[in-house]
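Shown next, in structure tokens, is the structure this report addresses.
Every read-out reported here was derived from the displayed coordinates using simple, explicitly stated rules and does not represent laboratory data. In this text the structure is predicted, and so the values were computed from the model without any measurement. As a convention, Cβ positions derive from the backbone with ideal geometry for all residues, glycine included, and neighbour counts pool all protein chains shown.
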Amino acid sequence: MGKKKKRYIEDIKVRKSNKKITGSRWGTALIFIFLCVTGVFMIFPIYYAVVQSFKPIEELFVFPPKLYVLHPTGKNYSDMIKVATSLWVPLSRYIFNSVFVSIVVTVTNVFVCCCAAFVLSKCKFPGNAFFNKLIVTALLFTSSATWIIQFLVMATMGIIDTYWALILPSIATPMGLFLMRQSMSTIHDSMIEAAKVDGAGLFRICWQVVVPNQKPAIMTLIIFAFQDAWNKQSGTIIYSEELKTLPTIMQQIAATGIARQGVTFATSVILMLPPLIVFLIAQSNVMETMANSGIKD
Amino acid sequence: MAVKTAVKDAPLNKQSKSKYTWHMMKINKACYAMLAPFMILFTIFTVIPVIITLPLAFTNFNMAQFPEFTGLSNFYTLFLNDDTFMLAVQNTLVFAVFTGPFSYVLSFILAWLINEMHPVLKTFFTFVFYAPSMTTSAYVIWQLLLSGDSKGYINAILISLGILNSPQQWLTDTKYILIVCIIVQLWISMGAGFLSLRAGFQNIDKSMYEAGAIEGIKNRWQELFLITIPSMGPQLLFAAVLQISASFTVGVVSQNLVGLPSTDYAAHTVMNHATDYGWIRYEMGYASAICLILFVVMLLVNKLINWILRRYVD
């Protein structure tokens, strides 16, 4: 008894308390202050937009501008809805389009990327090396680099001005596949070997053994895919009013002369919210997964 | 390594190499089936648009008539007669330095510092730093913050602090346009790469640090250079590649912020130039030539970065 056991108990305490093992307390305090200062710069425009969106008109144009609201009002938001409902197509249709497209893109993107990433990282077959190289190179050619020419392809396929034009190009993202592949390649082969001995097929190994261990990566993929789909400007590929998505129409509202500064801020807040919420949800899941994996080891 | 251990039933030596490959392909057809959905969509929407720029760059194509072959004339015009293109190249390079290496190092440092925090603060700070890149409508906010009259927030603050006497035209004065665009670009640059680095820090096995502490690692610096960086190779490369792509295709932000074209082309980038010709003037051949040059430069820089970071990636 005595020393050895005491140390063991202390060790357990340290592990449980989530404390950093290395690094001084003062260092942590300094880092905290630095992060706070830079963080203020990052969050300020977003904070300002939220504050401005709740300001009544007489407060919006006070000089110098205030960083807080004295008499918060929802008038900017109700004005925005007024502008939106006076449109030819009801606002609910744009919301439906955005939500529908974003969810379909996110789900298919994660599914397709997981399947391909598993094969590329864990299976040996002719062409594997080529595909892996191709994906790494393709990372460079994000949609912002190829979209000018992408239009030509979509026009040839005849999918311009349909839901397909919004969904199909966003599914196979090299970034998603690459991220998933990098994450999956850290898994031990012994786990897969064990599943194989148990007689599981490739698809089952992927979805029952590998993917459940990839929660952080999957969450990250969901964030990217959703964000991409939600923010996608459909103006150039969609002409029909009833197929347009929220960002396009919101920006049209903000750009019209009818809508003034307050409404513009309200619009941008509405646009910012869904990706931020999705990120917050996914982020907490990543943390949870982390805590679990810490105990297991 | 291989999930399908096909070695034992492979007809070694006796048959030619191509037959062996074919045999392996047949055995592993499940692999191709799982790869197919991604690869088909990827080929249609990424590979074809990239490859098609090569032939189109040598044509005159207005999207209405069949492309007409014009040889190298697009490139002659670009390099010898198009002053705006040269200006765009110059601007893109300035952008690339700031949104490339600078923002790469910055996102790594921030990800590392955030990782040193308590779990609750980690969540909070990750959110704070990542939030800007999620907001495409962000440019509207900046437009109003930087608005040229004294109602613009930045102007109002600087005037009331006595730093400025009269409001500055941040978005149209050629003195400021480029620097303003760079700041906004930096603001939204803590994106996917930053998040990937954060995830990388998090994925590192905690027992590695415990082992390190026992082995005599004394401070954060040693921990960073001896344990963290060597085990983050994949994430470092990923972030680097994304950064290259982002910094060379920069243009959308400036286009939204200061208009296309910006005053005196002060923030005109190569991507803006391609958009100008491709979308506004419908000269797809010329736009393809611009894209082709951009792609080639991106590939070359990518090769360089790969070569630098290779030792961290197995």
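Quick notes on this structure:
- Most mobile listed residue (B:V105, B:V89, B:V253) in chain B, GNM with C-alpha springs under 10 Å: B:V105
- Residue-averaged 222 nm ellipticity for chain B, from DSSP H runs of 4+ at -39500 (n - 2.57), nearest 500: -17500 deg cm²/dmol
- Overall form of the range B:85-312 per C-alpha gyration tensor (a/c, 1.5; a/b vs b/c): oblate
- Positive-pole candidate from A:L120, A:L140, A:P65, dipole of the range A:59-153, charges at beta carbon: A:L120
- Lysine pairs in the range B:85-312 with Cα atoms under 26 Å, if 8 or more residues apart or on separate chains: 4
- Approximating the spin labels as points 7 Å out from Cα along Cα→Cβ, the A:V107-to-A:R204 distance works out to 2.4 nm.
- For the range A:47-113: rounded, prolate or oblate by the Cα gyration tensor [a/c cutoff 1.5]: oblate
- Shape call, the protein assembly as shown: gyration tensor on alpha carbons, a/c limit 1.5: oblate
- Entries in A:K66/A:K232; A:K122/B:K19; A:K122/A:K215 that, when Cα-Cα distance is taken, lie over 29 Å: A:K66/A:K232
- Fluctuation leader among B:S196, B:S288, B:S160 - chain B, Gaussian network, Cα springs under 10 angstrom: B:S160
- Averaging 1/r over each pair of different alpha-carbon atoms in the range B:218-261 and inverting the result gives 13.1 Å, the Kirkwood hydrodynamic radius.
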